[in-house]
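The next block holds one structure in the form of structure tokens; read it before the comments.
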Amino acid sequence: MTPATPIAFGILLTGVNRALLAVLAAVWLRNYRETLLLGLLGFSAVLLVENLVSIAFFFSSMRTLYAMDPLVGRVVLGMRVLELLAVSLLTYATLK
């Protein structure tokens, strides 16, 4: 596995996380209007900002960090997979 592969997968997973978080934010915004679920809307907004910052780091300063140590890329990829799992389960439960 080349050092660039974890970066590419990390970018892909971050994009998927952003899409799922946008869906959650839209559903929770609708629910907030109905039931005042401000906490869930805030949670979605914070994770969405975190994913946007993550994409910026993937394309800028973190790229050199991944190139220097392939383990870092694998760890970040693992964290993105766990976040994707958590956000996917939350999205599924919210849409049900």
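A few remarks follow.
- When residues of region 32-48 are limited to those that are within 16 Å of residue 93 (Cα to Cα) and modelled with pLDDT under 75, the one farthest from the chain's Cα centre (by Cα): 37
- One residue alone among 15, 73 is in contact with a helix residue (DSSP H, G or I) (Cβ under 9 Å, 6 or more places away or on another chain), at pLDDT below 75 and not hydroxyl-bearing (Ser, Thr, Tyr), and that residue is 73.
- Residue match in region 19-28 (condition: over 10 Å from the mean Cα position of the chain (by Cα), at pLDDT below 80 and either of a type in the set (A, V, I, L, M, F, W, C) or part of a helix (DSSP H, G or I) (or both)): yes
The values are calculated or read from the model by the stated rules, or taken from the named source; none is laboratory data. Predicted model only: the values in this text are computed from it and were never measured. We place every Cβ from the backbone using ideal geometry, glycine too, and count neighbours over all the protein chains shown.
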